[in-house]
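The values are calculated or read from the model by the stated rules, or taken from the named source; none is laboratory data. Keep in mind that what you see is a predicted model, and the values were worked out from it rather than measured. All Cβ positions, even for glycine, are placed from backbone atoms using ideal geometry, and neighbour counts span all protein chains on display.
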Amino acid sequence: MEKPDDNIELSSFGAMDGAGRTEPARILIVEDESLVAVDLEQRLCLLGYSPVGIVDTGEDAVTRATELRPELVLMDVRLKGAVDGIEAAGRLRVPHRIPVVFLTSHSDRGTLERAGLAEPFGYLTKPFQERDLHATIEMALYRHRAEERLHKLECWLATTLSSIADAVIATDTSGQVTYLNRAAELLTGWTMREARGQPWNLIYRITHAATGAPITDLLLRLFREGVVNLNANATLTTRAGRSVPVDDSVAPLRNDGGQVTGCVIVFRDATERRAMEYAILNHNEQLSRSVAERTAELRSANQELEQSNEQLRAANKELEAISYSISHDLRSPLRAICGFTGLLKERHEKTLDEGGRRLLNVITGSATKMAEMIDGFLALIRLGRSGINSEAVDLSALVLGLLDEFRAAHPGSKVQFEVRPLPTAIGDRVLLRQVWANLLENAVKFTAKRGEPIIIISGRETEGECVYSLQDNGEGFDNRYAHKLFGIFQRLHAEGEFPGHGIGLANVQRIVSLHGGRVWAEGEPNRGATFHFSLPGWPGSDASTVKR
């Protein structure tokens, strides 16, 4: 052999390793002349391949190739022993699918004809140049990879067609059957072996469901119309003579050039579907009678509903009257208490001892707290009475606006806020702003005693809803009492520790419920709390985290 050509591109590779790297193609050498074999091994290494061994007989070639599974075998035609290179190549081709390139000094017609029966991937006559060896190996590897991809695709298609529930029959251009899948065998009564080569209308005997006339023009209609659907008007007569209603369609098979090479018939047993259609027709008659009866019942129910609405309107008016009474009748004595205690403090504070002044402050504080509780209660009653004005609400912008207001009102606050992406919500902007304002106020209040208070606001989209969360590192609470958090006037901490009236979180639950969502919380004493609420899903959210 000649020395390697320096200009040859050493870029021949085989399979991928576990890390995704391309490894050199593994090649087995079958050559009974040891010097030639060793020289060939060296040339392959210089060309960038990976020789996996050298054997000198056909029997050893089959054994070693089966064990080593190389990407390619370089095989001498004339080998010592009972099995020559051509027979060994045939044994490797079927069933192992290992490609073989013949390297031989014999090129007579008889040898070439025998070699062709083994379907080699290349044939090089000794002596040969390095460039020819390299090109032959590359083309053999490329062809083998292409054939393997095609083989896998064919296996996948065969498996798919065999496993689908629909029956499939394929024919050539003359209408002779070339393929039946398992479903077609079961439905027609013909096996693949029996049906191959038979006329399609012998295997797939169909008639018009209404007239019983044979349908024999499927292929003619196919070539004329392109695709044929019988619209559930066909009945199949099986090999055993049984009649089976079928739904089917017929489409042409085309090659890469667009030429028709046959057709494919896809059909299924329509017995259950037709029985269901008949049952539906009968059911429709009963349904018509039921509709008339239900219509009369609906009229009666509507009348009862109207009466209930009247009662509800009356109850709402009564509630408005109660609200007015609370607003007017209860606030009046509270204003009097606050006014007179103020006058008492202004005129007689100097004459009161320390205990008296303390009692005076208690009266004033209690009256103020009572007024605030009344305001909160009235706000809770009024929620939702004017309806919800639904729109798309950018909650990220809404929350950041609330934080800006907080910073402006409390310039010395040490609270650190982190606002993560919040999905856009659909709801009432004013009410949703109140939800976040109450949650933020609650978190700020219960982190006030922390040296480095942190509040994290986040949101996520789940199936059917958006969930929003506010997490703090504040006082937290015992999870056993989490159900009391959202009750009106319910508190888990003493008022001396943290001021409040137990209405803010009740408002949160009321607003979220009006939007069709839910509210819940998780906490741990001295470890902080996380409040969650959900709203019906709405697409769109910012992609970045915003820190304020």
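Residues are listed down the side, and each one gets a yes or a no for (1) more than 30 Å from residue 98 (Cα to Cα); (2) at pLDDT 85 or above:
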| residue | (1), (2) |
| --- | --- |
| 162 | no, no |
| 202 | yes, yes |
| 207 | yes, yes |
| 217 | yes, no |
| 226 | yes, no |
| 229 | yes, no |
| 244 | yes, yes |
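Regarding residue 118, is this residue touching a Gly at 6+ places or on another chain (Cβ under 6 Å), closer than 18 Å to residue 27 by Cβ and modelled with pLDDT under 90?
yes
Consider the range 452-475. How many of its residues are in contact with a strand residue (DSSP E or B) (Cβ under 6 Å, 6 or more places away or on another chain) and over 15 Å from residue 532 (Cβ atoms)?
Of the residues in that region, 3 qualify.
Kindly evaluate residue 98 against the criterion of being among the β-branched types (Val, Ile, Thr), touching a Pro at 6+ places or on another chain (Cβ under 9 Å) and buried (at least 18 other Cβ atoms within 10 Å of the Cβ).
So residue 98 passes the test.
Among strands (runs of 3 or more DSSP E) lying entirely in the range 122-210, which contain 3 or more residues that are farther than 21 Å from residue 255 by Cα?
The strands (runs of 3 or more DSSP E) meeting that bar are 122-125, 205-208.
Test residue 106 against the criterion of being under 21 Å from residue 75 (Cα atoms), surrounded by 14 or more Cβ atoms within 10 Å (Cβ to Cβ), of a type outside the set (A, V, I, L, M) and in contact (Cβ under 8 Å) with a residue 60 or more places away in the chain, and give yes or no.
When the stated conditions are applied, residue 106 does not pass them.
Considering each of 67, 113 in turn, give the residue that is surrounded by fewer than 19 Cβ atoms within 10 Å (Cβ to Cβ), assigned by TED's automatic domain parsing to the domain that holds residue 135 and at pLDDT below 85.
113
Looking at the range 211-223, which of its residues are of a type in the set (A, V, I, L, M) and part of a helix (DSSP H, G or I)?
If the condition is that a residue be of a type in the set (A, V, I, L, M) and part of a helix (DSSP H, G or I), then 218, 219, 220, 222 are the ones that fit.
Out of 388, 457, which single residue is of a type in the set (A, V, I, L, M, F, W, C) and modelled with pLDDT under 90?
Testing whether each residue is of a type in the set (A, V, I, L, M, F, W, C) and modelled with pLDDT under 90 leaves just 388.
Out of all the residues in the range 117-164, which are surrounded by fewer than 16 Cβ atoms within 10 Å (Cβ to Cβ) and hydroxyl-bearing (Ser, Thr, Tyr)?
Matches in the range 117-164: 125, 142, 159, 160, 162, 163.
Return a yes/no flag: does the range 271-279 have any residue that is under 26 Å from residue 163 (Cβ atoms) and assigned to a strand (DSSP E or B).
Looking for residues that are under 26 Å from residue 163 (Cβ atoms) and assigned to a strand (DSSP E or B), one finds none in the range 271-279, hence no.
Hey, can you tell me all the residues within the range 443-455 that are surrounded by fewer than 18 Cβ atoms within 10 Å (Cβ to Cβ) and part of a strand (DSSP E or B)?
454
Just a yes or no: is a residue in the range 342-359 small (Gly, Ala, Ser) and modelled with pLDDT under 65?
Scanning the range 342-359 turns up no residue that is small (Gly, Ala, Ser) and modelled with pLDDT under 65.
For the range 231-256, name all the residues that are part of a loop (DSSP other than H, G, I, E, B), touching a strand residue (DSSP E or B) at 6+ places or on another chain (Cβ under 8 Å) and over 20 Å from residue 177 (Cβ atoms).
Answer for the range 231-256, where residues must be part of a loop (DSSP other than H, G, I, E, B), touching a strand residue (DSSP E or B) at 6+ places or on another chain (Cβ under 8 Å) and over 20 Å from residue 177 (Cβ atoms): 232, 233.
Run down 236, 202, 187, 218 and say which single residue is within 15 Å of residue 169 (Cα to Cα) and surrounded by fewer than 17 Cβ atoms within 10 Å (Cβ to Cβ).
The conditions single out 202.
Any residue at all in the range 424-434 that is surrounded by fewer than 16 Cβ atoms within 10 Å (Cβ to Cβ), under 19 Å from residue 523 (Cα atoms) and not polar (S, T, N, Q)?
Scanning the range 424-434 turns up no residue that is surrounded by fewer than 16 Cβ atoms within 10 Å (Cβ to Cβ), under 19 Å from residue 523 (Cα atoms) and not polar (S, T, N, Q).
Which one is surrounded by the fewest Cβ atoms within 10 Å (Cβ to Cβ), of the residues in the range 239-264 that are under 20 Å from residue 198 (Cα atoms) and of a type in the set (A, V, I, L, M)?
The residue in question is 240.
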